[in-house]
1. Of all residues in the stretch 195-208, which are in contact with a strand residue (DSSP E or B) (Cβ under 9 Å, 6 or more places away or on another chain) and surrounded by fewer than 17 Cβ atoms within 10 Å (Cβ to Cβ)?
2. Considering each of S163, S148 in turn, give the residue that is touching a Phe, Trp or Tyr at 6+ places or on another chain (Cβ under 6 Å) and outside any strand (DSSP E or B).
3. If you go through the stretch 192-212 one residue at a time, do you hit one that is touching an Asp or Glu at 6+ places or on another chain (Cβ under 9 Å) and in a loop (DSSP other than H, G, I, E, B)?
4. Are any of the residues in the stretch 225-239 modelled with pLDDT under 85, of a type outside the set (A, V, I, L, M), out of contact with any Ser or Thr (no Cβ under 8 Å at 6 or more places or on another chain) and part of a loop (DSSP other than H, G, I, E, B)?
5. Any chance you could count how many residues in the stretch 245-264 are assigned to a loop (DSSP other than H, G, I, E, B) and not small (G, A, S)?
6. What residue, among those in the stretch 293-315 that are among the aromatic types (F, W, Y) and modelled with pLDDT under 90, is farthest from the chain's Cα centre (by Cα)?
7. Taking the stated definitions as given, is G267 surrounded by fewer than 16 Cβ atoms within 10 Å (Cβ to Cβ), assigned by TED's automatic domain parsing to the domain that holds D207 and either touching a residue at least 40 places away in the same chain (Cβ under 8 Å) or outside any helix (DSSP H, G or I) (or both)?
Amino acid sequence: LVVSHDRWFLDAVCNVIIDIDRQGVSKYSGDYSEYLERLEERAHMDASRERRREAILRVELEWLKRGPKARGGKDKKRKERIQNLVQGRPEAPEAQTEAFRTSQRRLGGKVLELHQVSKAYKGRPVITDFSYTLSAGERIGIIGPNGSGKSTLLNLIAGTIESDSGTVVRGETVAIGYFDQTGSTMNNEVSILEYVQSAAERIYFDDGTELTAEQFLERFGYPRPMQSQKIEKLSGGERRRLQLVRLLIASPNVLLFDEPTNDIDIGTIALLEDFLRHFKGTVIVVSHDRAFLEGMTYSLWVFDGKGNVTSYVGSYSAWREQQELLEQQETAKPAPAQDRAKRETPKMQKQKLSFKEKRELDQLLPEISALEDEKAELEAAFSRPDSALAKDGKASAEAHRRYEEVLRLIDEKTLRWEELAARSEA
């Protein structure tokens, strides 16, 4: 029996999902993805049933308004039916956090430059000579062992700590929003409303509408009487949700997240993902949530736990596949060339290329060169904030799928060329 917000884990491990809400406990067969499908079907059915009930109730209430006199058991039963329809109104659902898009500050071309940044704790290096130039629109996931320095790098970027050596240069238009693990910036002594108002008295949306902080909180499940409550009274999950909402309404153009999906419900995770899909700024995320990394990031910074940080362009799943392939290759290393040669039969050693293989060998290098050019073009497009990919999530996802396919083809064709070239020289 597992309680988890890790959707990837739930999909991989569970075959039954139990959903608990105000209306009771529901059981769904299947993994988490199937549960979501059934939940949507159920919501449509409930909405349809409720529309029919409301339509009947409107007609019956009109009849009741006309003040009919009870003329016997028939009218009495009709009134009882109306009472049952009124009582059958579903209980108000749990407050749902609504999707929203705030207006965003302009972000210049220069976002952040890290130049040979190093940091150590008690003599142990966690980051060694890391350099990177961050562009507008980039979405980077940070992965690595616990305690390897991932949060330290976010703190260096945010400016909450200083590096031991190297430089961190932030662009002039950069407005950083930092969602840390501890909620250390939250003042427990202020009220919910005061906390939100410290970020914005009025919240402006990208469709031109605006709300006061009070109205905004009401839309997000904090009724007016609750808004005067002090933050210290909130549960851990309520604090995290409030911290997240306040961060997003402050209109940052660079977002730093340290384990953003910890201690928040799946509905709030969906809100955050929806916000980020439409966010035009730069995003850097430390997370163990594989589903979140897969959907929200296009490249990775990988910590090895020894102070080294490497960059990888591609999705989390593509990186995992690459790591698994490398592990398989390491496990099944070929025998040394001399031993192989001894075992080969004379016929194998003297085997020449066929005409078809010679033609294939001639074509492979131009094909590899063309793929390398395409790879470079895609990488350039990923790094340009003004490219079509930065504005079109569907096109961006398709481009990343193609990028992973190009990497695979380059590897395959290079291996094939090496094999044919070796035989042609035999």
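The values are calculated or read from the model by the stated rules, or taken from the named source; none is laboratory data. Small disclaimer: the values here were computed from a predicted structure and weren't measured. Every residue, glycine among them, receives a Cβ derived from its backbone with ideal geometry; neighbour counts consider all protein chains shown.
1. E201, R202, Y204, F205, D206
2. Working: S163 fails: touching a Phe, Trp or Tyr at 6+ places or on another chain (Cβ under 6 Å).
Checking each option against the conditions leaves just S148.
3. There is no residue in the stretch 192-212 that is touching an Asp or Glu at 6+ places or on another chain (Cβ under 9 Å) and in a loop (DSSP other than H, G, I, E, B).
4. yes
5. Of the residues in the stretch 245-264, the ones assigned to a loop (DSSP other than H, G, I, E, B) are 250-253, 259-264.
Then drop every residue that is not not small (G, A, S), which leaves 252-253, 259-264.
Within the stretch 245-264, residues that are assigned to a loop (DSSP other than H, G, I, E, B) and not small (G, A, S) number 8.
6. First, the residues of the stretch 293-315 that are among the aromatic types (F, W, Y): 298, 301, 303, 312.
Checking the rest, the ones that are also modelled with pLDDT under 90 come to 298, 312.
Details: Y298: 10, Y312: 17 Å.
So, considering only residues that are among the aromatic types (F, W, Y) and modelled with pLDDT under 90, the one farthest from the chain's Cα centre (by Cα) is Y312.
7. yes
Every residue, every condition in (1) touching a Cys at 6+ places or on another chain (Cβ under 6 Å); (2) on the phi < 0 side of the Ramachandran plot; (3) hydroxyl-bearing (S, T, Y), yes or no:
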| residue | (1), (2), (3) |
| --- | --- |
| Y121 | no, yes, yes |
| A136 | no, yes, no |
| I140 | no, yes, no |
| G144 | no, no, no |
| A158 | no, yes, no |
| V168 | no, yes, no |
